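Following: one structure in structure tokens, then a few remarks.
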Amino acid sequence: MTGFARPEILASPDWLAENIARPEVRVVDLRWRPDGTGAELHAAGHIPGASWLDWAHELVDVEEQSGPFLLAGPER
């Protein structure tokens with residue numbers, strides 16, 4: 001995987017296919033759409049066992065949304 005800043009932290013499809021059954025491997029689907037259809041896309045089809053996470057709702061500090069998205073702190 002070239003062209004990424006940290007390719008060593010990304011899983012290739014081949015790696016995932018070989019390791020998806022390991023209990024410590026988690027697949028999180030972070031698809032997001034401005035129209036709010038991310039959950040529908042996940043429901044329509046995803047990697048088996050993948051959880052869906054609405055990153056714009058769950059991981060963003062909503063109190064600091066006057067500008068770009070900011071990652072919420074650990075207390076959230």
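Compute the accessible area per residue over the chain, keeping the other protein chains in place, probe 1.4 Å, unit Å².
Numbers: 6180 Å² over 76 residues.
On a per-residue basis, 81 Å².
Note down the magnitude of the dipole of the chain about its Cα centre, charges +1 on Lys and Arg C-beta and -1 on Asp and Glu C-beta and zero elsewhere, to the nearest 20 debye. Could the numbers behind the result be given before it?
Working: 6 positive and 13 negative charges, 45 e Å.
Once rounded to the nearest 20, the dipole reads 220 debye.
Using only the Cα atoms, work out Rg/Rh for the chain, with Rh taken as the Kirkwood radius, to two decimals.
Values: Rg = 15.1 Å, Rh = 14.8 Å.
Ratio value, two decimals: 1.02.
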Options 37, 68, 20, ranked by Cα towards positive dipole end of the range 19-73, top entry (Cβ charges): 20
Choice from 50, 21, 11 with maximal GNM fluctuation in the chain (Cα, 10 Å cutoff): 11
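Quick one: with all protein chains in place, what share of the accessible area of the chain is carbon or sulfur, to the nearest percent (1.4 Å probe)?
Working: 3550 of 6180 Å².
On the chain, the fraction of accessible area on carbon and sulfur atoms equals 57 percent.
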Extended-chain gain in nm, criterion 0.36 nm per residue less alpha-carbon gap, residue 70 and residue 27: 13.2 nm
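The values are calculated or read from the model by the stated rules, or taken from the named source; none is laboratory data. Note that the coordinates shown come from a computational prediction; the quantities given were computed from them, not determined experimentally. Methodologically, a virtual Cβ is constructed for each residue, glycine included, from the backbone with ideal geometry; neighbour enumeration extends over all protein chains shown. These area figures cover heavy atoms from the full protein model, side chains too; ligands, DNA and RNA do not enter into them. Shrake-Rupley method; radii C 1.70, N 1.55, O 1.52, S 1.80 Å.
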